[in-house]
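Worksheet: the structure to be examined is printed underneath.
What follows draws every value from the coordinates through simple rules; no lab data is involved. These numbers were taken from a predicted model, which means no experiment stands behind them. Counting neighbours? That spans all protein chains shown, and the Cβs are built from the backbone with ideal geometry, glycine included.
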Amino acid sequence: MRNIIIKVLVVLFCGLLNISKIDAQEVLSLRNCKQKAMDHNQSVKSALSDREFSEASLKLSKRSMLPKFDLSSSYTYLSDPNQMIVPGFELPTTDGQPSGVYSPGSTSDLAYENSYSASIGMSLPIYLGGKLRNANTLSELALEMAEDNVDLSQADLLLNVETEYWVVVSLQEQKGVVEKSIELLTDVLKEVRDRYETGIVTKNEVLKTQVELNNSKLSLIEISNNLELAKMSLNQSVGNGILSSIQIQDSIIYIPEQLSSISFNESHLSNRPEIKLLNNQVEMSKIEKKLVNADYKPQIVSFANYTSQNPNHYAKQENEFTFNAGVALSMPVFHWGEKKLKKVQNKMAIQKAELDLDESSELITLEIRQAIFRLKESLVKLNFTTTSLEQADENLKLETNRLLEGVTTTRELLNAQLQWQVSHADYISAKTAVKTNEAKYYKAIGDLRM
């Protein structure tokens, strides 16, 4: 009785361990994988940091138009300040005779032993040739470019994750097909052995069946290894430990019907982050040209200060506070053709940005059209493999029944089984190609989302 209780407890304990192991597996959907990859990927994090930097730069640019207040103070002590000694002398008379009146000597400090100053000042730009306004526009464009760079980094990451995800799903499907093939070949081998023992077939038929079964088992090992490697790659992309145990939510690949109606549209170009980046680069080059012009226009800045200092040559009494205000004007007059040369540089920069935009537009148009062609081609291939799969299923059923009835050979059944396995593999590969090309198409038109 005691041994029975111990065995029951051991079985229960093993069952709990298996349940906990299953629960420990993380079930991931495609959306989960994309979100986890977004949170983990260093390139996306770097792009987000650049965007925050641009946001701060824009705030600084706007605040440069506001008045600035500064507080300053200083103190200086001289242990032995220089002195001017004036000796005594007899006062002169108009006739040159001695006056008998003497002026006493004196000593004057040329510097103060204690010198100090404290002031609070305000400065406000009045006119800088449009520099502040254009600098603010430049910061806004830089922020838009940072946001476009985030979108670009995210699109590259999402495509990579989606491709890895569907590879895992396809390998899981292929593994299931090979397992079914092993089950079928095991039954066939049993049937052939029974026939061999009764003398209906030769030993060669048994060996042929055994070889096919071994090949399927070898295929299962290879697919299982590839599946584990694919899961490791997906784990790395989503931020899990490489050896983490995961389970994919999708067990089969679903193909939406609306994919067959896709076509090229010029508006797709405007959705691409690369085009947005280059458009903003052109605008930035034009704004930089305006900034150069602003450097050669009058610069007017106002200021006001409230000061207390010692010595104070502006005050009537010692330690008296004084106030001063004014306007400063500066204007470049002659810089040896500097403005003209800078304009040439800006013109070349604008032309280069526009040429880069034209070239990228052409390349992206080609990329979109290629993505459409590849997607439609994979859809056609999927239709072909679907038909081949249906024929292979029917043929395998027919050959299996014929073998049981004794009207066909083992070789015919093995050929049908091999064709069935190949058709399933082609069908799964075609579905995977459709899903991968679908993701590439949506990335090409700038619409790849979570």
So the label point goes 7 Å from the Cα of Asn415 along Cα→C-beta, right? Which residues of region 375-409 then have their backbone N under 20 Å from it? 388-409
Label point distance in nm, Ile300-Asp194, each placed 7 Å from Cα along Cα→Cβ: 10.7
Given that compact globular proteins tend to follow 2.2 N^0.38 Å, what is the ratio of the alpha-carbon Rg of region 113-158 to that value? 2.33
So how strong a dipole does region 315-382 carry about its Cα centre when Lys and Arg Cβ are +1 and Asp and Glu Cβ are -1, to the nearest 20 debye? 260
What nm value, rounded to one decimal, do you get for the distance between Glu55 and Lys340 when each label is placed 7 Å out toward the C-beta? 4.7
Between Asn271 and Met348, what length comes free when the chain is fully extended (0.36 nm per residue of separation minus the Cα-Cα distance, one decimal in nm)? 25.0 nm
Among the listed pairs Lys68/Lys352; Lys231/Lys440; Lys276/Lys435, give every one whose C-alpha distance is greater than 31 Å. Lys68/Lys352
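Using 0.36 nm times the number of residues separating Gln42 and Phe264, minus their current alpha carbon distance, what extension gain do you get? Spell out each step's value before the answer.
On the way: separation 222, 0.36 × 222 = 79.92 nm, distance 3.32 nm.
This chain segment gains 76.6 nm when fully extended.
Expressed in nm to one decimal, what extension gain is obtained for the pair Ile255 and Val333 from 0.36 nm per residue of sequence separation less their Cα-Cα distance? Intermediate values should be presented prior to the final figure.
Numbers: separation 78, 0.36 × 78 = 28.08 nm, distance 7.04 nm.
Length gained between Ile255 and Val333: 21.0 nm.
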